[in-house]
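No value in this document is a laboratory result; all are computed from the given coordinates. Treat the numbers as computed from the prediction; the structure is a model and nothing was measured. Heads up, the Cβs are rebuilt from the backbone with ideal geometry, glycines too, and the neighbour counts pull from every protein chain shown.
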Amino acid sequence: MRCARVMCVGLMIVVAAGVAYGQAQQAPKRTPDVIYVPTPPEVVDAMLKVAKVGPNDIVYDLGCGDGRIVISAVKDFGAKSGVGIDIDPQRIGEARENAKTANVTDKVKFVEADLFETDISQATVVTLYLLPSLNIKLQPKLMQELKPGTRIVSHAFDMGDWQPEQELDVDGRRVYFWTIPKK
């Protein structure tokens, strides 16, 4: 009987360790649509400048990766708040750690979610670094959920037939800018 208890306790410890390890190494709920490639700091800066981010803005980064865009929006551009959305729990963990390091956890939050299923209606600025096909797939959601005047900035990829209001070259990288039109 004593042996059985020891084995049972030992098994519970192994299971608990496995659960803790599994949480640290948790896989995304589904395969991410893009691989993670960080946006260079000079592009982050250009994106937030072209969007004229300021103290009244709520910046959403769809596919936020390590959180650098929303962190910069609140820390360097004085945005009211920022929300990063990413499907990959590893990226969300990195973003939360980066927010702690930058001392902006009171102004940013990072949500592990599918950007196509997340409410983005509070955004005044939306940033993207997705593939062209995803930008095009996302366009109806942007038009439906965002208020007129909401600014959208994409690193590297356009939105097909929706012509940008501005297009920048930042050290050989493209930045595209749109505004949600009046309905």
Open item on the list: Please list, in order along segment 45-54, the HN-Hα scalar couplings obtained from phi with the Karplus expression 6.51 cos²θ - 1.76 cosθ + 1.60 (θ = phi - 60°), rounded to whole Hz, x for Gly and Pro.
Closed with: 4, 5, 4, 6, 5, 5, 7, 6, 5, x
Task: Charge tally in the Cβ shell below 13 Å around Phe110, where Lys, Arg are +1 and Asp, Glu are -1, Phe110 excluded - done: -1
Task: Nitroxide proxy distance, nm - points 7 Å out along Cα→Cβ at Lys147 and Asp76 - done: 2.7 nm
- [ ] Wrap a convex hull around the Cα atoms of segment 41-179, take a quarter of its surface area, and give that in square nanometres.
- [x] 7.4 nm²
Open item on the list: I need the per residue convex hull volume for segment 26-100, using only the alpha carbons, in cubic angstrom as a whole number.
Closed with: 82 Å³
TODO: Normalising by the residue count of segment 41-179, find the relative contact order in percent from Cα pairs under 8 Å and 6+ residues apart.
DONE: 24 percent
Open item on the list: If I model a spin label at Phe116 and Glu165 as a point 7 Å from the Cα along the Cα→Cβ vector, what separation in nanometres do I get?
Closed with: 2.8 nm
Task: segment 51-183, dipole about Cα centre (Lys/Arg Cβ +1, Asp/Glu Cβ -1), debye to the nearest 20 - done: 440 debye
Task: FRET efficiency, Lys183 to Asp106 (Cβ-Cβ, R0 35 Å, nearest 0.05) - done: 0.55
- [ ] Going by C-beta contacts inside 10 Å, put Ile35, Ile69, Ile136 in order with the fewest on the left.
- [x] Ile35, Ile136, Ile69
- [ ] Quick one: which residues, 5 or more positions from Phe110 or on another chain, have an amide H under 5 Å from its amide H? H modelled 1.01 Å from N in the peptide plane, none for Pro or chain starts.
- [x] Gly84
- [ ] Nearest 5 is fine: what % of DSSP beta bridges in segment 41-179 come out antiparallel, could you say?
- [x] 40 percent
